[in-house]
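First up is the structure itself, then whatever we jot down about it.
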DNA sequence: ACTTCGACCTGTTGGC
DNA sequence: TGCCAACAGGTCGAAG
């Protein structure tokens, strides 16, 4: 579920309820996620105040005075705010309870997500230190991406989904950005001109920004049980549209597999 | 240094 | 209707 726009929407959704609040309890029902939830988390996090709710790529960062909670939602994770005493449901793996009677609750059926704890500068954490620039930052520009692409034979779609190249471009938005840029997802990264990288960078930024906007407007009710409307469905032009007519040229959208992930594109509009 | 592939999980869907 | 294979929005680390 979560790509960067959903993670950012989650960040904005939970922030008002937990910023400057003190942790009074941590309840772990299932510690086996992508990585085990550290045993130290509860004892060290308890009594700490959340000083910032940040994001790096698809990681959420809950910063305290002594360390940072790293949360990744994997493929199926979601966060919600519930009142203290609300009964957990299936796959509700961890609660972080605050002194304002609110509880931050992670649900993750597939358990590809993670909840970690670091006392260092989170940027130095193993999982964050190798990450590429944020897609919406100035650091992510055509000069950078073009430089990175020299001598890279991988298909452009896989290239932009590589988190060491740029963070936050998942399967949906990689497909959408390449459609918007008119670039064939199978094209080798090294065989794309600087000019086309200028377009691609702009399209990646636009597609992500638009999705964040959509999420922000339709997801004000973060405390509700069903925190995931299909808001991004409406802006998708190729993802999941196999055999449907291209919005530009009416050719059927094609589907193929790249690295075990589905790719959707228009063979006429994208070269 | 770069690329590919298996692995981790459960829930849903589509074809027979 | 039921069954089962295929697939789902991520990404790490080992193997090639």
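Ordering A:180, A:1 from the fewest to the most neighbouring beta carbons within 10 Å gives A:1, A:180. Fewest-first ordering of A:194, A:59 by other beta carbons within 10 Å of each residue's beta carbon gives A:194, A:59. Rounded, prolate or oblate for chain A? Axes are the square roots of the Cα gyration tensor eigenvalues, ordered a ≥ b ≥ c, and the cut-off for rounded is a/c under 1.5. Prolate, since a/c reaches 1.5 and a/b exceeds b/c. Note on chain A: with a GNM built from Cα contacts shorter than 10 Å, the maximum mean-square fluctuation among A:111, A:261, A:187 falls on A:261.
What number, rounded to the nearest 500 deg cm²/dmol, is the helix-based mean residue ellipticity at 222 nm of chain A, given -39500 (n - 2.57) per DSSP H run of at least four residues and division by all its residues? Calculated from helices alone, the mean residue ellipticity at 222 nm is -8500 deg cm²/dmol.
Rounded to the nearest 10 degrees, the angle from helix A:4-18 to the longest Cα principal axis of chain A is 20 degrees.
Among A:157, A:84, A:42, the order by Cβ neighbours within 10 angstrom, fewest to most, reads A:84, A:42, A:157.
None of the figures in this text is laboratory data; all of them are computed from the coordinates on show. Every value quoted in this text rests on a predicted model; they were computed, and no experiment measured them. Using ideal geometry, Cβ is built from the backbone for each residue, glycine included, and neighbour counts are taken over all protein chains shown.
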